[in-house]
Amino acid sequence: MTDYELIRSKRRSLELRVLEDGRVQVRAPQRAPLRLVQVFVDSRRQWIAEQQQRQADRPRQRWLDGEVLAWRGEALQMDVCEGRTRVAISGRYLSVRVAQPDDENTVRAAVEGWMRRQAKPVFEHSIARQFDWFQQQGFARPTLRIKKMRTRWGSLSARGYINLNMALLHYPPEALDYVVMHELCHLKHMDHGPGFHALMDARMPDWRHRKAILEQPLFQP
Ligand SMILES: [Zn+2]
């Protein structure tokens, strides 16, 4: 029998998810009988096994001394040592000082904290450089929110926020600028129709090339 975590919610159908670490989650309506959930999970056993294998095969970031971190399109080698927590770029190295250098979660937390601090000025700068035209059109500058998102690079909310994925810091600056321009163009066109694409072509003629950068895997197996 497959182990799974059951999450009850206000929904009408069953949904199955295999997480990055291979764990299985089932989302189910509040009143769905447990037996029905179990039958559903059992009927998808083959699919679950395939997804777990896919997750296991996927190259993922390791957080250990000597591993590589993709940083704005460059490869930084992590130099992890014991010390008071401090992260800094030093040439082609990312110097990481933490209390427990052999613990991946500790290293990850330190580096992600550092990335989050870097993100704000970098993202704000990209917005500032590209906002002039939109300002001239009378649009208000959206407020930046930095997020860790699994499936999107960015979004623009009708309430005036531009949400950007922190993982954009792994990619070259031209890819970040593309996502920012894409979201800014949503100020004028909320959909992805012909008007939106015409505006993208006018504001950033090479956007397709930049978009393709984001479709490449960062870490080759
Ligand atoms: Zn869009």
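The values are calculated or read from the model by the stated rules, or taken from the named source; none is laboratory data. Treat the numbers as computed from the prediction; the structure is a model and nothing was measured. Methodologically, a virtual Cβ is constructed for each residue, glycine included, from the backbone with ideal geometry; neighbour enumeration extends over all protein chains shown.
The residues of region 6-26 that are among the basic types (Lys, Arg) and either part of a helix (DSSP H, G or I) or farther than 18 Å from Arg150 by Cα (or both), listed by number, are Arg8, Lys10, Arg11, Arg12.
Can you confirm whether region 151-173 contains a residue that is of a type in the set (Phe, Trp, Tyr), surrounded by fewer than 19 Cβ atoms within 10 Å (Cβ to Cβ) and more than 19 Å from Pro121 (Cβ to Cβ)?
Looking for residues that are of a type in the set (Phe, Trp, Tyr), surrounded by fewer than 19 Cβ atoms within 10 Å (Cβ to Cβ) and more than 19 Å from Pro121 (Cβ to Cβ), one finds none in region 151-173, hence no.
Within region 96-131, restricting attention to residues that are charged (D, E, K, R) and part of a helix (DSSP H, G or I), the residue that is nearest to Tyr178 (Cα to Cα) is Arg129. Scan region 73-91 for residues that are touching a residue at least 24 places away in the same chain (Cβ under 8 Å) and crowded, with 16+ Cβ neighbours inside 10 Å and the total you get is 3. Scanning region 68-95 for residues that are in a loop (DSSP other than H, G, I, E, B), within 16 Å of the chain's Cα centre (by Cα) and not charged (D, E, K, R) returns a single hit, Gly73. Of the residues in region 132-145, not one is within 11 Å of the ligand (Cβ to nearest atom), under 21 Å from Met115 (Cβ atoms) and modelled with pLDDT of 95 or more. Within region 146-166, the set of residues being in a helix (DSSP H, G or I) and either farther than 18 Å from Ile89 by Cβ or within 16 Å of the ligand (Cβ to nearest atom) (or both) is empty. Filter region 10-36 down to the residues that are small (Gly, Ala, Ser) and at pLDDT 90 or above, then identify the one that is farthest from the chain's Cα centre (by Cα). The qualifying residue farthest from the chain's Cα centre (by Cα) is Ala32.
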